[in-house]
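The values are calculated or read from the model by the stated rules, or taken from the named source; none is laboratory data. These figures come from a predicted structure and were not determined experimentally. For neighbour counting, all protein chains shown are included, and Cβ atoms are generated from backbone atoms with ideal geometry for every residue, glycine included.
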Amino acid sequence: MPSGFEIERRFLVRVREGFWTGLGPGMRLRQGYVLAKGAASVRIRTGEPRGAVLTVKSGSGLKRREVETVVPPEVAEALFTASERRVLEKVRFRIGRWELDRFVGSLSGLTLLEIELDRVDEPIPEPPDGVSLLREVTMDNMFTSANLAHLPETERKVFVTRAYEVVGA
């Protein structure tokens, strides 16, 4: 069971028209949140090559503790059931060191770019061509997947619209 710290920066982005077609199918991820109280979350994710992954994250901001383990499909389904409505879906594209997440369903229109770093003070590389950084959301906990999954379905589209209105995009 891998355990350690994740150092990650996240950005709200806009993608150039036509950019998606050159990326291929991406990896469709489904994530359910069994628990997301304060700065701790318990997530089940399917869609990764390694299978269903249970992740416990604690802390907030740039550096968070993370513990992961692969679980059998029947455990994953039981955890999704326990997640109730706290489920989201996205398609992830790997572009070099970057991960570009295009949310689907009730969060459609939201696109986040993430990068995992080796050090807190590590400079970030240039974003991929065709992706414009609108603002960093690393320290804004509303943009964590756990908090997005906790938004009521009726509020998700409003959240996406407002996120882009704030930056004038």
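Things worth noting here:
- Tallying residues that are touching a Gly at 6+ places or on another chain (Cβ under 8 Å) and of a type in the set (Gly, Ala, Ser) within the stretch 77-110 yields 2.
- Within the stretch 34-54, being under 15 Å from the mean Cα position of the chain (by Cα) and either basic (Lys, Arg) or at pLDDT 95 or above (or both) holds for Arg43, Ile44, Arg45, Thr46, Gly47, Val53, Leu54.
- Residues in the stretch 69-87 that are out of contact with any Leu (no Cβ under 6 Å at 6 or more places or on another chain) and in a strand (DSSP E or B): 2 in all.
- Residue within the stretch 15-30 that is touching a residue at least 24 places away in the same chain (Cβ under 8 Å), assigned to a strand (DSSP E or B) and of a type in the set (Phe, Trp, Tyr) present: no
- Look at the stretch 61-88: where a residue is within 24 Å of Gly4 (Cα to Cα), no partner that is modelled with pLDDT of 95 or more and in a helix (DSSP H, G or I) sits 6+ places away or on another chain with Cβ atoms under 6 Å.
- Filter result (of a type outside the set (Val, Ile, Thr) and at pLDDT 95 or above) within the stretch 9-25: Arg9, Arg10, Phe11, Leu12, Arg14
- Taken over the stretch 141-158, the residue count meeting the criterion of being outside any loop (DSSP other than H, G, I, E, B) and more than 15 Å from the chain's Cα centre (by Cα) is 5.
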